[in-house]
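A.B. asks: The structure that follows is given in the form of structure tokens.
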Amino acid sequence: MGSPAFAVPSLLAIHQAGIKIERVYTQPPRPAGRGQQLTPTAVQQAAAALKIPPEHIFTPTRLRDEVLADLLAHPCQMVVVVAYGLLLPKALVEAKTCINLHPSALPRWRGAAPLQHTLLAGDAQTEICIMQLDAGMDTGPVYSRTPLTLPPDMSYGPLHDYTSAVGAEELVQVLRQLPELKPVAQTGEATLAPKISAADRVLDFSKPASHLHNQIRALAPSPAATWALPPALHGEVLKVLKSEATSTTTQAQPGTVLGLQGPALQVACGQGSVLNILALQRPGREKGPAAEVWRGLQGSV
């Protein structure tokens, strides 16, 4: 059970390990791209490429009623879940062993967006957990934990790709060791990682530069942090894709553009801090070095 690109390495790893995949469950095709054409999920496309028969690929909108009854009646005892997008019913997790790949140091960052919230918080350490699902949201016991140290400038894109690949390998190792391997209950303070909202993307320059840098890298390359420019610059909403916090200080008001420093655009932030913005993207255009994009904006006024 999985849907986005994050889940594809797990599907491939299970298949390559010779573990028989009886069924694949994924989210239904949805409109995507400029043409808004109905597009299958990355997992559905990968399953088709593996020659999994179409009748063994299911795309229900909910795991309820006839869909749930059919799944419960299937003799398969193991369900592997990676970024599926639907909460598994209590009846399912009680009837079958449900294994989940979750890329955070559980119980820290339970929920839909653990990678983004790990970076938003500026965590220097995290984990990749293989856990057993129960009726709660990421509350089940953990089979394995793979520690991971995060470089201070790592962004969401590389972290997504790394954890999905390493997590897939760990997932196969756990599956091979079951049922001898016993999960261990989670301990410690729980924190939640809800879906990223439009409000989470908006940069507030009254915050310190370190906070903004974490916000930018947590959302890059997609959906990306946003910066709404004043009417004098057409009120454009820019995507801010790369940055760095500096040791420079300023007395300028937060949000003041201080000027260009090589390829960077320097902006005053809270507590007298300064943020170097390194990459920007205007609406409908390609991303580029911040200094180059800024010059283009000023030339269009």
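A.B. asks: Against the conditions (1) out of contact with any Pro (no Cβ under 9 Å at 6 or more places or on another chain); (2) among the β-branched types (Val, Ile, Thr); (3) over 30 Å from His102 (Cβ atoms); (4) crowded, with 17+ Cβ neighbours inside 10 Å, where does Val267 fall short? Just the number, please.
C.D. replies: Every listed condition holds for Val267 apart from (1).
A.B. asks: Having 1 or more residues that are under 26 Å from Asp161 (Cα atoms) is the bar; report the strands (runs of 3 or more DSSP E) wholly within region 217-301 that clear it. Please lay out each step first, then the result.
C.D. replies: Values: elements: 225-228, 237-249, 257-261, 264-268, 273-281.
The qualifying strands (runs of 3 or more DSSP E) are 225-228, 237-249, 273-281.
A.B. asks: Please determine, by comparing only the residues of region 14-45 that are touching a Gly at 6+ places or on another chain (Cβ under 9 Å) and not in a loop (DSSP other than H, G, I, E, B), which one is nearest to Arg285 (Cα to Cα). Give the steps one after another, and end with the answer.
C.D. replies: Residues of region 14-45 touching a Gly at 6+ places or on another chain (Cβ under 9 Å): 24-27, 39, 41-43.
Add one more test, that the residue is not in a loop (DSSP other than H, G, I, E, B), and what stays is 24-25, 39, 42-43.
Numbers: Val24: 37, Tyr25: 36, Thr39: 24, Ala42: 26, Val43: 29 Å.
Among residues in region 14-45 that are touching a Gly at 6+ places or on another chain (Cβ under 9 Å) and not in a loop (DSSP other than H, G, I, E, B), the one nearest to Arg285 (Cα to Cα) is Thr39.
A.B. asks: Okay, moving on. What are the pairs, 6+ residues apart or on separate chains, where a residue within region 225-238 that is closer than 19 Å to Leu275 by Cβ has its Cβ under 7 Å from a residue that is assigned to a helix (DSSP H, G or I) and among the β-branched types (Val, Ile, Thr)?
C.D. replies: Ala225/Ile216
A.B. asks: Pick out the one residue from Pro152, Pro147 that is over 27 Å from Leu181 (Cβ atoms) and over 17 Å from the mean Cα position of the chain (by Cα).
C.D. replies: Pro152
A.B. asks: Let me ask something additional. Kindly indicate whether any position in region 264-275 is under 29 Å from the mean Cα position of the chain (by Cα) and either under 30 Å from Gly33 (Cβ atoms) or at pLDDT below 95 (or both).
C.D. replies: No, that holds for no residue.
A.B. asks: Read through the list (1) farther than 28 Å from Pro114 by Cβ; (2) touching a residue at least 24 places away in the same chain (Cβ under 8 Å), then give the number of the only condition that Leu212 fails.
C.D. replies: So the condition that Leu212 fails would be (1).
A.B. asks: Name the one entry in Ala69, Ala91, Ala73 that is surrounded by 14 or more Cβ atoms within 10 Å (Cβ to Cβ), assigned by TED's automatic domain parsing to the domain that holds Tyr25 and not acidic (Asp, Glu). Break it down stepwise before answering.
C.D. replies: On the way: Ala69 fails: surrounded by 14 or more Cβ atoms within 10 Å (Cβ to Cβ); Ala73 fails: surrounded by 14 or more Cβ atoms within 10 Å (Cβ to Cβ).
Only one candidate passes the filter, namely Ala91.
A.B. asks: Residue check: is Ser144 hydroxyl-bearing (Ser, Thr, Tyr), surrounded by fewer than 22 Cβ atoms within 10 Å (Cβ to Cβ) and touching an Asp or Glu at 6+ places or on another chain (Cβ under 7 Å)? Quick ask: steps written out before the conclusion?
C.D. replies: On the way: hydroxyl-bearing (Ser, Thr, Tyr): yes; surrounded by fewer than 22 Cβ atoms within 10 Å (Cβ to Cβ): yes; touching an Asp or Glu at 6+ places or on another chain (Cβ under 7 Å): yes.
Criteria met by Ser144.
A.B. asks: Taking the condition of being among the aromatic types (Phe, Trp, Tyr) and touching a helix residue (DSSP H, G or I) at 6+ places or on another chain (Cβ under 8 Å), how many residues in region 244-301 meet it? Reasoning before the result, please.
C.D. replies: Step one: of region 244-301, the residues among the aromatic types (Phe, Trp, Tyr) are 294.
Filter once more, keeping what is touching a helix residue (DSSP H, G or I) at 6+ places or on another chain (Cβ under 8 Å): none.
Residues that pass the stated criteria total 0.
A.B. asks: Oh, and also: How many residues does region 162-205 contain that are farther than 24 Å from Gln132 by Cβ and modelled with pLDDT under 95?
C.D. replies: As a first pass, look at region 162-205 and keep what is farther than 24 Å from Gln132 by Cβ: 196-205.
Right, trim to modelled with pLDDT under 95 and you get none.
Of the residues in that region, 0 qualify.
A.B. asks: Same structure again: Out of the residues in region 24-56 that are over 17 Å from Ala5 (Cβ atoms) and either aliphatic (A, V, I, L, M) or in contact with a Cys (Cβ under 8 Å, 6 or more places away or on another chain) (or both), which is surrounded by the fewest Cβ atoms within 10 Å (Cβ to Cβ)?
C.D. replies: Leu38
A.B. asks: Is it true that Ile196 is more than 20 Å from Gly2 (Cα to Cα) and β-branched (Val, Ile, Thr)? Give the steps one after another, and end with the answer.
C.D. replies: Working: more than 20 Å from Gly2 (Cα to Cα): no; β-branched (Val, Ile, Thr): yes.
Considered against the rule, which asks whether it is more than 20 Å from Gly2 (Cα to Cα) and β-branched (Val, Ile, Thr), Ile196 comes out as no.
The values are calculated or read from the model by the stated rules, or taken from the named source; none is laboratory data. Since the structure is predicted, the reported quantities are computational estimates derived from the model, not experimental observations. Neighbour counts run over all protein chains shown; Cβ positions are idealised from the backbone, glycine included.
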